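Remarks on the structure that follows.
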Amino acid sequence: MKNIKRCHDLTGQKFGRLTVVGLDDKNTRKTYWICQCECGGIKSARSDSLLCGAIKSCGCMKKEQDRINLEANHSHKQSGTRINNRNTNIYITIGNETKTLLYWCNMFKIDYRTVLARYWRNPNVTLDELFKANTEVTDRPSAP
């Protein structure tokens, strides 16, 4: 166990939501403190992390922020079973609205897979050709 006389005693001090209750008996060169969080959690934290403000809670603050962010991201109505925010989405602008290809397909009641295949065959396809019902769009010129 570390000798408390050789390190700066932080017992009783408060750092964010953490209150230092005693010295941790980790066998390392750094000094660790056992801290009690306001939420009731216990956290072992290094002296330098407490003093510089890098650690302010047992992790409850991060969980609260994650919950707030999750609620904010899911506050809009989901149109399907998957979350519709992927970096592989194809965004199409019609008028002044930019939405995903899936959104427009649902809006126009057209099969997404058909429209997606049209898009990949010819990325420069016009919107009329892309969303036209029951037609095939090809990038090959028509025969004379």
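The values are calculated or read from the model by the stated rules, or taken from the named source; none is laboratory data. Model, not experiment: these values are computed from the prediction. Note that each Cβ is placed from the backbone with ideal geometry, even for glycine, and that neighbours are counted across all protein chains shown.
Which pairs do you get when a residue that is over 14 Å from Leu127 (Cβ atoms), found in region 89-109, comes within reach of a residue that is assigned to a helix (DSSP H, G or I) and not β-branched (Val, Ile, Thr), reach meaning Cβ atoms under 6 angstrom, with the pair 6+ apart or on two chains?
Leu102/Tyr112
Matching residues to (1) part of a loop (DSSP other than H, G, I, E, B); (2) touching a strand residue (DSSP E or B) at 6+ places or on another chain (Cβ under 6 Å); (3) surrounded by 12 or more Cβ atoms within 10 Å (Cβ to Cβ); (4) at pLDDT 90 or above:
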| position | (1), (2), (3), (4) |
| --- | --- |
| Ser57 | yes, yes, yes, yes |
| Glu64 | no, no, yes, no |
| Ile68 | no, no, no, no |
| Lys77 | yes, no, no, no |
| Ile83 | yes, no, no, no |
| Leu102 | no, no, yes, no |
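So which pairs qualify, if the first residue must be in region 37-49 and surrounded by 15 or more Cβ atoms within 10 Å (Cβ to Cβ), the second must be acidic (Asp, Glu), the Cβ gap must be under 9 Å, and the two must be at least 6 apart or on different chains?
Ala45/Asp24
Taking only region 26-73 into account, find how many residues are under 27 Å from the mean Cα position of the chain (by Cα) and charged (D, E, K, R).
Qualifying residue count, region 26-73: 9.
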